[in-house]
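Working notes for the structure below.
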Amino acid sequence: MSWTHHISRFAVNPIKGKISATKYEATMKRMSLPFQGPSEGLKVPPHERRTQIEKGIVTGDLVYINEGEHKGKVSSVIRYLEESDSYMLNNVSEKTLIPKHMWGPGATSHVFDYPIPIPASHIKLAAKDKDDSGKINYVVADKIAFKEKYYDDRYHQWLPRRFVKFHESIEIPWPEPNSLKDDQYCTIEPIALEKSYELQTIAKPPFPKELLSEFRNPYSHHKKRVFTEVQARRINAPNMPLSMEQKIYLAKQASKPKKVLEPLTEEMKELIGSKMAEHINKIDNPALLGHLEHVSKTKVPDFEKTLKSIEENQTSN
Amino acid sequence: MNVFGMMLGPSRYMVPRMASSNILSITASRSLSSSLVNQGPRSDKYWKLLKYVKPIDKTVYSAGEAIPKGVRLAKTKKMYPDYEYEPTFFKRQNRGLFGGLQRKRSKNCSTKGFNKTLREHLPNIQRAKLWSETLNKSLSLKVSTKVLKTITKEGGLDSYLLKDKPARIKTLGVLGWKLRYDVMKRQEKNQLPKTSNYQVQYIHKDGKQIKVGKYKLLDILYDYVRRDSYYPIKIVDFKKAHYHLTIEEVVEKLESYSYDFTPVIVNPRTQQGVEANEAKDARELQA
């Protein structure tokens, strides 16, 4: 055990399963001070987290709380907390104490109505419907079914159509997204989206040729397939200088006259031939003679090389 | 010879003049013959694992050549020649003079159940300050005790590094190889002529003894190159184009501009004069 890690060993880690989730939540709530806000419960591991659209309930949607303290309430979603898989709803809040440095704009008191995060399992998607007679009906979807995608201009993205599962004639459209107010420094939307240049024909390139160098770097060293002078010099390692002994040896070799090969004289040829004949005449075994005959036919590349060099020497002289 | 040597001497070299029995004479002759047989081809004295050595790329690349696949471009210049026998394991041997000693392994064996566990044997490495005669400074190196013994036997670090035998080159290691290069380069420089006034940096093919270094010559060259071009040339661009050249190439470039080398080279007449003056001074000092 090291003293630096003893804290992590004894601390409660609910993900490891040493303590139940509800118990952990209760202890966290008990131990947190009032201004620290309500505990957000267990964290969802990152790979299990979903976006609002994947969940099917987005900010601005009507929802029905079917469980817990606030059961029966119908409210709209303010915010979705991905980490704890819970929603903050309008008018479902708790009075908490908040220190002054954490006050929002326009706050006058330490007491603040702060929305309670309500887990996604306690919530069901709801929708308003008006009759011809003007009577308002609420529809609560137990489950949601997604169908074919369409491009939503309000969200600027492709969204699936939302239906009540098993009652797929009832479509619940996505709510109006929160419209952002333009700042004084904002570029106006039509100007930002304006296309100053449009392709007219395929005969012409889509943009002027001079523009190409701004898109891509023609001098990028990744594109060069050949060594530059500097690159080649850098990659070549220097040579180890010759030692004194090596220098002396090389000088001696250089001072020696070059070896010149000359053809055999007639006398030498006769001598070699006579010696060979002497040995071969002694042999009685026909098998050995046959073997020698076979061996004599094989070509020795080195021998041919020497013959060639002799010929070259003769022609040069 | 010390006192103990004197005392021990006679007994050590004492040989029975006459064998007292036949058996003794036979054993003596046998031992002699066996020793003669063992004097055959000598096995290598060093032992180093070269199984994991990777072959080095010896090709000399030139500008305009296609870059082969798998060749990495270097960000900086290579300062030392490549070492052929660099092992890929037990890399601490690259940072000291280990003399080819590497980690060995064997097994620990328990006495009761003969259970075996792997263990390692490390070479005996010490940090030592070794004096280099040519570099004129002491180097703090990690050295194996075996190499320390060899260095004393060779008579110094430099002679240990400069030996040409293949066994020495294989066991030098990367650090030893680099030190060898440094020592050899310094020796080359020390051979160049030197007086109290100047040190010759480079001798050209035609015998010009140049007193200044490459960068001073480049400063001179910059003026010529700038004058030569129609457009102004920034010093940065000049550096990019010329700083990788060797001193020999710089001198050749200056020759192509027909530069008068007199302020930069050693004038043979003045050289004689300086030597004479120095000799005079020496004589006066002695007197």
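The values are calculated or read from the model by the stated rules, or taken from the named source; none is laboratory data. Not measured: the values here are computed from a predicted model. In this analysis, Cβ positions are derived from the backbone assuming ideal geometry, glycine residues included, and neighbour counts consider all displayed protein chains.
When you go through A:K181, A:K195 one by one, which is the residue that is exposed (fewer than 10 other Cβ atoms within 10 Å of the Cβ), at pLDDT below 95, in a loop (DSSP other than H, G, I, E, B) and over 34 Å from the mean Cα position of the chain (by Cα)?
Working: A:K195 fails: over 34 Å from the mean Cα position of the chain (by Cα).
Step by step, each of A:K181, A:K195 is checked, and only A:K181 is exposed (fewer than 10 other Cβ atoms within 10 Å of the Cβ), at pLDDT below 95, in a loop (DSSP other than H, G, I, E, B) and over 34 Å from the mean Cα position of the chain (by Cα).
Let me spell it out: the conditions are (1) touching a Leu at 6+ places or on another chain (Cβ under 8 Å); (2) within 30 Å of A:Q246 (Cα to Cα), and B:Q126 meets all of them except one. Which number is the exception?
(2)
Residues in the range B:187-199: is at least one within 14 Å of another protein chain (Cβ to nearest Cβ) and either in a loop (DSSP other than H, G, I, E, B) or crowded, with 18+ Cβ neighbours inside 10 Å (or both)? Step through it out loud before you land on a result.
In the first step, residues of the range B:187-199 are kept if they are within 14 Å of another protein chain (Cβ to nearest Cβ); the result is B:187-192.
Cutting the leftovers down to either in a loop (DSSP other than H, G, I, E, B) or crowded, with 18+ Cβ neighbours inside 10 Å (or both) gives us B:191-192.
Yes, the range B:187-199 has at least one match.
Give the residue that is surrounded by the most Cβ atoms within 10 Å (Cβ to Cβ), with candidates limited to residues of the range B:215-242 that are more than 14 Å from chain A (Cβ to nearest Cβ), within 35 Å of the chain's Cα centre (by Cα) and among the charged types (D, E, K, R).
Once the filter is applied, the top-ranked residue is B:K216.
May I ask you to list the residues in the range A:224-241 that are more than 19 Å from B:I56 (Cα to Cα) and part of a loop (DSSP other than H, G, I, E, B)? First the steps, then the outcome.
First, the residues of the range A:224-241 that are more than 19 Å from B:I56 (Cα to Cα): A:224-230.
A:K224, A:R225, A:F227, A:T228 - these are the residues of the range A:224-241 that are more than 19 Å from B:I56 (Cα to Cα) and part of a loop (DSSP other than H, G, I, E, B).
So which residues in the range A:224-255 are surrounded by 10 or more Cβ atoms within 10 Å (Cβ to Cβ), charged (D, E, K, R) and more than 9 Å from chain B (Cβ to nearest Cβ)?
Hit for the range A:224-255 is A:K247, nothing else.
Using beta carbons and a limit of 7 Å, which pairs, at least six apart or on different chains, have the first residue in the range B:243-259 and free of Cβ contacts under 8 Å to residues at least 40 places away in the same chain and more than 11 Å from chain A (Cβ to nearest Cβ) and the second one surrounded by 17 or more Cβ atoms within 10 Å (Cβ to Cβ) and of a type outside the set (A, V, I, L, M, F, W, C)?
B:V250/B:K214
Can you pull out every residue in the range A:127-139 that is among the β-branched types (V, I, T) and either at pLDDT 95 or above or loosely packed, with under 12 Cβ neighbours inside 10 Å (or both)?
Taking the range A:127-139 as the starting set, the residues that turn out to be among the β-branched types (V, I, T) are A:136, A:139.
Answer for the range A:127-139, where residues must be among the β-branched types (V, I, T) and either at pLDDT 95 or above or loosely packed, with under 12 Cβ neighbours inside 10 Å (or both): just A:I136.
If I filter the range A:215-223 for residues that are basic (K, R), loosely packed, with under 10 Cβ neighbours inside 10 Å and part of a loop (DSSP other than H, G, I, E, B), do I get at least one hit?
If we filter the range A:215-223 for residues that are basic (K, R), which is where we start, we get A:216, A:223.
Imposing the further condition that a residue be loosely packed, with under 10 Cβ neighbours inside 10 Å reduces the set to A:216, A:223.
Subset that is part of a loop (DSSP other than H, G, I, E, B): A:216, A:223.
There is at least one residue in the range A:215-223 that is basic (K, R), loosely packed, with under 10 Cβ neighbours inside 10 Å and part of a loop (DSSP other than H, G, I, E, B).
Being within 41 Å of the chain's Cα centre (by Cα) and of a type in the set (A, V, I, L, M, F, W, C) is the filter; apply it to the range A:93-116 and report the residue that is surrounded by the most Cβ atoms within 10 Å (Cβ to Cβ).
A:I116
Go through the residues of the range A:62-78 one by one and say whether even a single one is surrounded by fewer than 17 Cβ atoms within 10 Å (Cβ to Cβ) and in contact with a Gly (Cβ under 7 Å, 6 or more places away or on another chain).
Yes, that holds for at least one residue.
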